[in-house]
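Before any comments, here is the structure.
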Amino acid sequence: MHKYLNNDKAELLLLARQLMPGGVNSPVRAFGSVNHEPVIVESAKGAYLTDIEGKRYIDYVCSYGPLIFGHAPDFIVDELREFAGHGTTYGFTTPHEVELAELIAEAYPACEMLRMVNSGTEATMSAIRVARGCTGRDKIVKFEGCYHGHSDSLLVKSGSGLLTQGVPTSPGVVPSLIAETLVCPYNDADALEQLLNANQGRVACLIIEPVAGNMGVVPPAEGFLQHVRELCTRHGIVLIFDEVITGFRLDYHSAAGVFGVQPDMVCFGKIIGGGLPVGAYGGRRELMQQVSPLGPIYQGGTLSGNPLAMRAGIAALRRLRDDKMIYPALIENTAYLQAEIDKLIVKHNLPASTSRCLDMFCLFFTPQRVNSYAGVMSCDTEMYRRFFVGMLEAGIMLAPSQFEAWFPSLAHDKDILDTTLAAVDKVFASLQ
Ligand SMILES: *Cc1c(COP(=O)(O)O)cnc(C)c1O
């Protein structure tokens, strides 16, 4: 057990804040947007998370998406135990990478060749490099409210008008680089058409979350992804689906399978690592053949294809492929959660709405149905803060931000969902 396990939480927080910016290794963990003391986790199992003070929570964060089976599922823990003794990294090719690549390629027809990396950020950054390298064009298109990791080109918010230049979301991002990033409203095919017409022959790629999962959950409007596909084909633009959340979550064939739209390239992360740090990017063979050492576009990684991460990912994907009950169960549970929360919204007459796409779900504190970033921005974040704190006190862990999806796992059974709903009922009552 680690040195600080039995220390006073206040002391540990103090030390953490001296050693790491905000005391965290990823900003959301500081609980800034809910203005609350952060939770420090001791352990987790199934649907439950236990903090260092011994308090137990039903967890709907599930590490922001990777834990589709819940925390520490025995079959993955056993796999890791068994393999750790064989070495934890080599710097050489292993059969495990080939096996995981084969599983992904079989599930995702557009992913004919792929590369393993260590995070979603690395995957999107690398895919964009390949698209630029292959097309010889500089500009990229992204959508408002979609998150693709923290690489420089992608940390952009839109300027005041649609066709104006974006501005960096963070100091340290060079404005001349951001000038190559065009930002378009999500679910607005007309705006996209205008944007592409105004930038003929200059756009290398378009990157999109096929179901937006980083502004709460915003599903694509009917026909939107098909329209995006057509426009990319017409303009010779590499279409990149960022399936870091949706990949193997919505369905075993991911969003591309669900919506029947094939991208030219795809990025994965989260679920394909079975709870360990993994990302992957891939796509059509002619594009991926341009990646070093086969082609001139450089990308590499010391720990990429890490054998432990591969074993965890293989175990997860095999189970997701072979157990036909998994996705129907996840969807049924998520639909139940949504239907019951919808009833509670009516019962308590709250200015709130829910949003769901298959097994991706979230609750917005705005009365309107949300289908755009503007809609998301109309949410009452102060009400979310009060809801979050109430739920936390009731032993339910939600993301410490209005703008995240809920991630119920297979370990969230009916009893656990009902316990959650009872807490929602109580906390809703306190919000009036
Ligand atoms: C989480 C996420 C990323 C970034 O992945 P990291 O592993 O955090 O770098 C990229 N795209 C999407 C859609 C994500 O949800």
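The values are calculated or read from the model by the stated rules, or taken from the named source; none is laboratory data. These figures come from a predicted structure and were not determined experimentally. Heads up, the Cβs are rebuilt from the backbone with ideal geometry, glycines too, and the neighbour counts pull from every protein chain shown. What goes into the accessible areas is simple: the full protein's heavy atoms, side chains included, and nothing from ligands, DNA or RNA. Shrake-Rupley method; radii C 1.70, N 1.55, O 1.52, S 1.80 Å.
Ranked by the mean number of other Cβ atoms within 10 Å per residue, highest first, peptides 200-212, 243-255, 25-37, 98-110 order as 243-255, 200-212, 98-110, 25-37. Whose amide H sits under 5 Å from the amide H of residue 212, counting only residues 5 or more places off or on another chain, with H placed in the peptide plane? Residues meeting the criterion, in which the H sits 1.01 Å from N, are 218. Taking 14 Å as the cut-off, the amide N atoms of region 4-47 that come nearer than this to a point 7 Å along the Cα-to-beta-carbon line of residue 53 belong to 7-14, 36-42.
Counted residue by residue at 0.36 nm each, then reduced by the alpha carbon distance between them, the extension gain from residue 381 to residue 200 reaches 61.2 nm. Helix content alone sets the calculated 222 nm mean residue ellipticity of the chain: runs of n ≥ 4 DSSP H residues at -39500 (n - 2.57) each, divided across all residues, give -11500 deg cm²/dmol. Amide H to amide H, with H built 1.01 Å from N, residue 184 comes under 5 Å of 142, 143, 144, counting only residues 5 or more places away or on other chains.
Put 342, 51 in order of accessible area, highest first, and with a 1.4 Å probe you get 342, 51. Remark: region 21-34, residue by residue, has Karplus-estimated 3J(HN,Hα) of x, x, x, 9, 9, 7, x, 4, 5, 7, 6, x, 6, 10 Hz, where x stands for each Gly or Pro and the curve is 6.51 cos²θ - 1.76 cosθ + 1.60 at θ = phi - 60°. Less than 5 angstrom separates the built amide H of residue 396 from those of 58, all sequence-distant by 5 or more or on a different chain. Protection proxy ranking, highest mean first, for peptides 355-366, 298-309: 355-366, 298-309, where packing is the per-residue count of other beta-carbon atoms within 10 Å, averaged. Each residue of region 299-315 was assigned a 3J(HN,Hα) from its phi angle through the Karplus expression (A = 6.51, B = -1.76, C = 1.60, θ = phi - 60°), giving 6, x, x, 4, 9, 5, x, 3, x, 5, 4, 5, 4, 5, x, 4, 4 Hz with x at Gly and Pro.
Computed over protein heavy atoms with a 1.4 Å probe, the carbon and sulfur contribution to the accessible area of region 277-432 reaches 54%. Placing +1 on the Cβ of every Lys and Arg and -1 on the Cβ of every Asp and Glu, with no other charges, gives region 295-432 a dipole of roughly 300 debye about its Cα centre. In sequence order, region 204-209 has phi-based couplings of 6, 8, 10, 10, 8, 7 Hz under the Karplus curve 6.51 cos²θ - 1.76 cosθ + 1.60, θ = phi - 60°, and Gly or Pro positions carry x. Packing here is the average count of other Cβ atoms within 10 Å per residue, and on that basis the peptides 121-128, 186-193, 396-403, highest first, run 121-128, 396-403, 186-193. Judged by the ratio a/c of the largest to the smallest principal axis of the C-alpha gyration tensor, region 1-126 counts as prolate, that ratio being 1.5 or greater while a/b is larger than b/c. Once the 1.4 Å probe is applied to the protein heavy atoms, region 146-303 comes out at 37 Å² accessible per residue. Annotation for region 275-332 versus region 224-244: alpha-carbon center distance of 21 Å. Distance between the modelled labels on residue 221 and residue 82, one decimal in nanometres: 5.0 nm (7 Å Cα→Cβ projection). In the chain, Cα pairs under 8 Å separated by at least six residues give a relative contact order of 22 percent.
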